[in-house]
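Values quoted throughout were computed directly from the atomic coordinates according to the rules given, and no laboratory measurement underlies them. Since the model is a prediction, treat every value here as computed from it, not as a measurement. A quick note on method: Cβ atoms are made from the backbone with ideal geometry, for glycine too, and the neighbour counts reach across all protein chains shown.
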Amino acid sequence: QSSDFLFKFLVIGNAGTGKSCLLHQFIEKKFKEDSNHTIGVEFGSKIINVGGKYVKLQIWDTAGQERFRSVTRSYYRGAAGALLVYDITSRETYNALTNWLTDARMLASQNIVIILCGNKKDLDADREVTFLEASRFAQENELMFLETSALTGENVEEAFVQCARKILNKIESGELDPERMGSGIQYGDAALRQLRSPRRAQAQSAQECGC
Amino acid sequence: RLLEADSKSLRSMNGSRRNSGSSLVSSSSASSNLSHLEEDTWILWGRIVNEWDEWRKKKEKLLKELIRKGIPHHFRAIVWQLLCSATDMPVKNQYSELLKMSSPCEKLIRRDIARTYPEHEFFKGQDSLGQEVLFNVMKAYSLVDREVGYCQGSAFIVGLLLMQMPEEEAFCVFVRLMQEYRLRELFKPSMAELGLCIYQFEYLLQVGSTPCPPKNPGEGWEAVGRSQGFFQKVIPHQFDTCPDKLILRAFQVKYNPKKMKRLEKEYATIKSKEMEEQIEIK
């Protein structure tokens, strides 16, 4: 399947908040029961339809333990969007959000679009962070916000799609320029086929080699 | 290095072990109809273990060859311990004491226990023996090496040891690997050594390979190259049509110690520059 755009996405947040499970639920549409903890970085990709445009998301899923940050930070560069994940049953993971946010804003593209995800929504009985509190935090920091459940799949696709939609809107309004270096956005193969200016043809051949 | 060689042969071993269910069952049934060849191998390995010091000193080359062919399952635990001199470690006597103590890393360790080899029979299930001993070893280690404490990823190494040997032995081998074989450098809080290894590895992959140079900073080799997934998916994908080429490419990687040293210096310079920049930002 061909795409109009390619966005680089990050999934960040403390260890054990369900980052890899969110990614797995998004891509495979099921909950991964037996999953290993992530070392370093893993990635996945999926093409989604956002308002008639096909967008390929290239998603980088990172290890959560504090010390891996020095390694994973080098992947931040050129990310267009990010899911910032905490666990609604763990205040500790919520308290760490400011640090993650600083890293993302400083190291990824300046215009990075971030959606805050309060994961494990299904464990409402053990909740330590209220919806209201988190949505205030999101507002103050100009983040989108959803509570998600990688277990049931609730709001998982929405999180990725909403983030992608906002990026598309920014492109259409001219706020984001896909051709700027490090924007985290590239034209997909469908878009490239339509635009056959010599410069873009070059970009296409570069993309085909898979790096 | 010897241990490394054997762990390669182990991979196929593990696969067959998982398929046959319990290893005990498969080996006891196998012992009744051992082929002559297998019997010879067993006798040979029995002798090697008994005369270890002599073999190590006088027949190092042959020993290496035999290890590369694969250590028979029943000898693996002892041979691994012998290889890294982990048989008579004083720390072994502390093990049970360590388990009684409490570690500041317990919560961190606990969080990853069920997420380490979750599909492996031995580690399956909340109260499985595998999960219990894995926790014990990780906790004991975090107490003897407070600087490293617990680091994600290290439990996979301990898990692999525990598939072969009891917890106290696995603990000793792990301590050896971490401390004598410098594995702990990779897991220290700064992760400086890991960063360097990745930097060197990237260089090895780039040299002599044909792929195009990075188009945009952050989207080319240097950013992509650091991912585990990258080595599993992107690189093989480039060689989709011709897997032989991938193997050929892997064999063509040349390790040049001098160049590696140079890269080490280069990397140190990059890192210190980064530090300076960060201080300026602050």
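Distance between the modelled labels on A:Asp126 and A:Glu154, one decimal in nanometres: 1.6 nm (7 Å Cα→Cβ projection). Given the pairs A:Lys56/B:Lys188; A:Lys170/B:Lys273; A:Lys29/A:Lys120, which are separated by over 27 angstrom at their Cα positions? Listed pairs above 27 Å: A:Lys56/B:Lys188; A:Lys170/B:Lys273.
Each 5 Å bin from zero holds the following percent of Cα-Cα pairs in chain A: 1, 7, 16, 20, 20, 16, 10, 5, 3, 1, 0, 0. Built from the Cα atoms of the range B:90-181, the convex hull projects on average onto 5.5 nm², one quarter of its surface area. Relative contact order for the range A:5-196: 27 percent, from Cα pairs under 8 Å spaced at least 6 residues apart, divided by residue count. Exposure proxy shown here: for B:His74, B:His120, A:His37, the number of other Cβ atoms within 10 Å sets the order, fewest to most, as B:His74, B:His120, A:His37. Label separation (A:Arg136 vs B:Ser85): 6.1 nm, computed from points 7 Å beyond Cα along the C-beta direction. Between B:Glu277 and A:Asn99, the FRET efficiency from the beta-carbon distance, with R0 = 22 Å, is close to 0.70. Under the definition of Cα pairs under 8 Å and six or more residues apart, what whole-number percent is the relative contact order of the range B:90-181? This gives 30 percent for the range B:90-181. Restricting the range A:32-77 to GluC sites (Glu not before Pro) that sit in a DSSP loop and have at most 10 other Cβ atoms within 10 Å of their own Cβ leaves A:Glu33. The alpha carbon centroids of the range A:71-97 and the range A:150-189 are separated by 17 Å.
The Kirkwood radius of the range A:89-177, taken over pairs of alpha-carbon atoms, gives through the Stokes-Einstein law at 37 °C and 0.692 mPa s a diffusion coefficient of 233 µm² s⁻¹. A Förster radius of 60 Å combined with the Cβ-Cβ distance from B:Glu39 to A:Met106 puts the calculated FRET efficiency at roughly 0.40. Taking a point 7 Å out from the Cα of B:Glu106 in the direction of its Cβ, the residues of the range B:143-169 whose backbone N falls within less than 13 Å of it are B:143. Modelled this way, with points 7 Å down the Cα-to-C-beta line, the labels at B:Leu248 and A:Arg180 are 4.4 nm from one another.
Summarising the strand pairing of chain A, around 35 percent of its internal DSSP beta bridges are antiparallel. Residue pairs exceeding 18 angstrom between C-alpha atoms, taken from B:Lys61/B:Lys259; B:Lys107/B:Lys139; B:Lys64/B:Lys245: B:Lys61/B:Lys259; B:Lys64/B:Lys245. Values of log10 I(q)/I(0) for the range B:36-83 across q = 0.14, 0.15, 0.30 Å⁻¹ run -0.29, -0.34, -1.37, by the Debye formula with one identical scatterer at each alpha carbon and no solvent.
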